[in-house]
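Written out below as C-alpha cells is the structure these notes cover.
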Amino acid sequence: SRAELVASLPSVQQAFRAKDRDQLAQILVPTFLIQRDRYEVRDAHFHLAPATSFLRLFYLKNYGEDMSSFRETIVITNQKQEPQSGVEISRHGLNIRGVVPISDAQGAIGSFEVGMSFNSVLEAVKQVTGFELGVFVDNELMTKVATGLPAPESDRVIGGLRNENSTNWGFIRPLLTPDILRKVNDT
C-alpha cells in the first residue's frame, strides 16, 4: 500500500517521467526517513524496465545496476504492469516487498517498491503467540545477492542457513542445530 500511494502521486509520476532523480529525492526522502525510523521501512526504490535501478531513496548515489538476474518481482511488475508482493533478497538484504508499476497518460514509466523489515511481523506474531521467532534464508544465496550487507556473525549461520531476523537470538540460538533446521526446511 505504501508503494501504491507513492506511485499514484502526480508529482512523482512527473519527476519520474522526466528522469529527475533530484526532484524525486526532494519530494520523497524526508518522508522515507520518517517511514524508516518509525515503521521499519528499509527500502524505497524506483526502477526502469526491465529491472534497472533508477533511484534508491536509502542510498541516493547508487543507481544504474541491472537487477534482472535476481529481482524477479521487479521484472514481472514491469512486464505485466501489475503489482507484485512477497519476500525477496536484494543487494541490501531480505525484505517483505511490494512493487507497483508507475504510469501516466503517456504510458508506462517504470516501477517503485517498498521493502519492510521482518522485525515488526515477528514481534506482532510473538505478541499473539508468545513464541520466540526467527527468519532464516539460504546463506549462499544471501552472500551472492545481498552484496550491500556485511558478512553475518558466524553463530548466525547454521547448516547453511543464515538467521536474518529474530525476536530473541540469545534464546533461539542454543535451541538450533543444522539437523533441526534441515527438518523444518524439508517440511
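Taking first residues from segment 131-151 that are closer than 18 Å to PHE118 by Cα and partners that are open to solvent by 40 Å² or more (accessible area, probe 1.4 Å) and aliphatic (A, V, I, L, M), the Cβ contacts under 8 Å between residues at least 6 apart in sequence or on separate chains come to PHE131/VAL125; LEU133/VAL125; ASN139/VAL157; MET142/LEU149. The set of residues from segment 11-22 being free of Cβ contacts under 8 Å to residues at least 12 places away in the same chain and either closer than 16 Å to LYS61 by Cβ or not aliphatic (A, V, I, L, M) (or both) comprises ASP20, ASP22. Taken over segment 131-187, the criterion of being buried (at least 17 other Cβ atoms within 10 Å of the Cβ) and among the aromatic types (Phe, Trp, Tyr) is satisfied by PHE136 alone. For SER120, the stated conditions do not hold, so it cannot be described as among the polar types (S, T, N, Q), in contact with a helix residue (DSSP H, G or I) (Cβ under 8 Å, 6 or more places away or on another chain), at pLDDT 95 or above and within 30 Å of ILE180 (Cα to Cα). Scanning segment 8-30 for residues that are open to solvent by 70 Å² or more (accessible area, probe 1.4 Å) and touching a strand residue (DSSP E or B) at 6+ places or on another chain (Cβ under 9 Å) gives PRO10, GLN14, ARG17, LYS19.
Listed by first and then second residue, the pairs linking a residue in segment 50-69 that is modelled with pLDDT of 95 or more to a residue that is buried (at least 18 other Cβ atoms within 10 Å of the Cβ) and among the basic types (Lys, Arg), with Cβ atoms under 6 Å apart and 6 or more places separating them unless they lie on different chains, are ALA51/ARG71. Only residues that are in a strand (DSSP E or B) and either among the acidic types (Asp, Glu) or over 22 Å from GLN84 (Cβ atoms) (or both) were counted across segment 43-61, and they come to 1. Among the residues of segment 113-130, just one is of a type in the set (Val, Ile, Thr), in contact (Cβ under 8 Å) with a residue 12 or more places away in the chain and more than 30 Å from PHE16 (Cα to Cα), namely VAL121. Is it true that some residue in segment 62-84 is surrounded by 23 or more Cβ atoms within 10 Å (Cβ to Cβ), of a type in the set (A, V, I, L, M, F, W, C) and assigned to a strand (DSSP E or B)? No, segment 62-84 has no match at all.
The values are calculated or read from the model by the stated rules, or taken from the named source; none is laboratory data. A quick note: this is a predicted structure, and the numbers were derived from the prediction, not measured. So basically every Cβ, Gly included, is an ideal-geometry build from the backbone, and we count neighbours across all protein chains shown. Each accessible area value is taken on the protein alone, full model and side chains, heavy atoms only, with ligands, DNA and RNA left out. Shrake-Rupley method; radii C 1.70, N 1.55, O 1.52, S 1.80 Å.
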